[in-house]
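Asks: First, the structure itself, so that you have it in front of you.
The values are calculated or read from the model by the stated rules, or taken from the named source; none is laboratory data. All values derive from a computational prediction rather than experimental measurement. Note that each Cβ is placed from the backbone with ideal geometry, even for glycine, and that neighbours are counted across all protein chains shown. Calculation scope for accessible area: heavy atoms of the full protein, side chains included, ligands and nucleic acids excluded. Shrake-Rupley method; radii C 1.70, N 1.55, O 1.52, S 1.80 Å.
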Amino acid sequence: MEVNNGDGVGNSNMSRKVIDEEKSTVVIPETAHQISSDSWFQVGFVLTTGINSAYVLGYSGTIMVPLGWIPGVIGLIIATAISLYANSLVAKLHEFGGRRHIRYRDLAGFIYGRKAYSITWALQYVNLFMINTGYIILAGSALKAFYVLFSDDQVMKLPYCIAISGFVCALFGISIPHLSALRLWLGVSTVLSLIYIVVAFVLSVKDGIEAPSRDYNIPGTTTSKIFTTIGASANLVFAFNTGMLPEIQATIKQPVVSNMMKALYFQFTAGVLPMYAVTFIGYWAYGSSTSTYLLSSVNGPVWVKGLANISAFLQTVIALHIFASPMYEYLDTKFGIKGSPFATRNLSFRIGVRGGYLTINTLVAALLPFLGDFMSLTGAISTFPLTFILANHMYLKAKHNKLTSLQKLWHWLNVCFFSLMSIAALVSALRLIAVHSKTYSVFADI
């Protein structure tokens, strides 16, 4: 089992090797980042930061509008329950086989072998790349919304705001060496989240009371409703899942399984309440006309809306760092970036590599700034496979001899159902992106 030696690096002298049943070897390098250093409460706040990021300002429009009241409310509750269940399966496998599996791909490689290690890493990379791209779109949208409150000259277009957002995210990523170093920033993120959630909630309630009756009918033709409903189901699972639970669990103090379960219970109880509140109230206030960025729909004092938008922008910068950290950890470990984070070599490396990575994210975000579609596509091609399909099948394989026939059937049903959902959501998301790409040009100012 890996033990942290105080400087963030495991005390094994060489890289670990995992042998699968066919005797092929998966080499798992030690990490250059800190592990086993954070309390379950801090990890719970990391998870809650993700779930209550500025993405919550889009769920009224991307989940409730396509689904309507009854399916939307029931869907969110069910998505909460199944997400907690799926994440708990992964958390319980963290020390499977007497080893710490500090990365998702390490766990998959240990259970399945080399090919699964590579496939899981590819899926996770795509998942995190798309989440980060979405965050930059979101930060750009918040920055543009802030700008138009004070100027109507149309000079500051969305692609420019996205470029500025990417630059700020890069500066933050260069300054914060690893996930555990976010300590103080998690508190800042919580305050920022409360600001935009409270403002969105209060102004939505005010608008809802003053507005005439709203239209809650699901918009679109019969065909488009089918595709948007499927896309919204992908958004449901996107809302609750990170696709990087082992990486987050790697930072938690021993005992890692029981402490991680505490963090997950915190995330899926107290942590989801702000998200529920702003999602339901936003839809109640504006009905089927709700924007995919709720602060664009609310009415109120300019300074209050400005404060909320700038808070959403800044919180997004912090939240993006969480979802970029697995890529940062991989690169830092691969190139031996250890010691003082502000040593010349280490700082230069972060400027070049992290700056380059986020430049690519920013370019994609500006090229196709369709936030709701990115959420659907991410849910389809990575959240469903990583969080539900792989989690159930890994648990089934790892605990095969300890499960009853009924339990095995249950896990197989989950694997099959979420596989079908993943395929359907992928088709829906690609269709939505194709439709929007015809409506808008690249580098659109939405």
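Asks: Take the conditions under 28 Å from Tyr104 (Cβ atoms) and either open to solvent by less than 10 Å² (accessible area, probe 1.4 Å) or modelled with pLDDT of 90 or more (or both) and apply them to Ile318. Does it pass?
Replies: yes
Asks: Among the residues that make up the range 102-111, is at least one of them under 19 Å from Phe323 (Cα atoms), part of a helix (DSSP H, G or I) and of a type in the set (Lys, Arg)?
Replies: Yes, that holds for at least one residue.
Asks: Considering only residues that are more than 22 Å from Lys338 (Cα to Cα) and open to solvent by 30 Å² or more (accessible area, probe 1.4 Å), which ones fall in the range 156-172?
Replies: If the condition is that a residue be more than 22 Å from Lys338 (Cα to Cα) and open to solvent by 30 Å² or more (accessible area, probe 1.4 Å), then Met156, Lys157, Tyr160, Ala163, Ile164, Phe167, Val168 are the ones that fit.
Asks: Working carefully through the options Gly356, Gly306, find the one that is open to solvent by 10 Å² or more (accessible area, probe 1.4 Å) and either small (Gly, Ala, Ser) or within 26 Å of the chain's Cα centre (by Cα) (or both). Lay out the reasoning, then the answer.
Replies: Numbers: Gly306 fails: open to solvent by 10 Å² or more (accessible area, probe 1.4 Å).
Step by step, each of Gly356, Gly306 is checked, and only Gly356 is open to solvent by 10 Å² or more (accessible area, probe 1.4 Å) and either small (Gly, Ala, Ser) or within 26 Å of the chain's Cα centre (by Cα) (or both).
Asks: Looking at Tyr125, is it within 17 Å of the chain's Cα centre (by Cα) and aromatic (Phe, Trp, Tyr)?
Replies: The answer is yes for Tyr125.
Asks: Follow-up. Being part of a helix (DSSP H, G or I), crowded, with 19+ Cβ neighbours inside 10 Å and at pLDDT 85 or above, is that true of even one residue in the range 400-415?
Replies: Checking the range 400-415: at least one residue is part of a helix (DSSP H, G or I), crowded, with 19+ Cβ neighbours inside 10 Å and at pLDDT 85 or above.
Asks: Something else: Please go through (1) closer than 30 Å to Val304 by Cβ; (2) open to solvent by 70 Å² or more (accessible area, probe 1.4 Å) for Ser193 and return the number of the only condition it doesn't satisfy.
Replies: (2)
Asks: What's the total number of residues in the range 331-359 that are part of a helix (DSSP H, G or I), of a type outside the set (Asp, Glu) and touching a residue at least 12 places away in the same chain (Cβ under 8 Å)?
Replies: Taking the range 331-359 as the starting set, the residues that turn out to be part of a helix (DSSP H, G or I) are 331-334, 344-359.
When the remaining residues are screened for being of a type outside the set (Asp, Glu), the result is 331, 333-334, 344-359.
Now restrict to residues that are touching a residue at least 12 places away in the same chain (Cβ under 8 Å): 331, 333-334, 346-347, 349-351, 353-355, 357-359.
Total meeting the criteria: 14.
Asks: Is it true that some residue in the range 379-396 is hydrophobic (A, V, I, L, M, F, W, C), open to solvent by 10 Å² or more (accessible area, probe 1.4 Å) and without any contact (Cβ under 8 Å) to a residue 12 or more places away in the chain?
Replies: no
Asks: When the range 173-190 is examined, which residues are found to be surrounded by 19 or more Cβ atoms within 10 Å (Cβ to Cβ) and polar (S, T, N, Q)?
Replies: Ser180, Ser189, listed by residue number.
Asks: What tally of residues in the range 333-356 results from selecting those that are touching a Gly at 6+ places or on another chain (Cβ under 9 Å), closer than 22 Å to Val168 by Cβ and either modelled with pLDDT under 85 or basic (Lys, Arg) (or both)?
Replies: 2
Asks: Of all residues in the range 58-82, which are surrounded by 24 or more Cβ atoms within 10 Å (Cβ to Cβ) and of a type in the set (Gly, Ala, Ser)?
Replies: Residues satisfying the conditions are Gly58, Ser60, Gly61.
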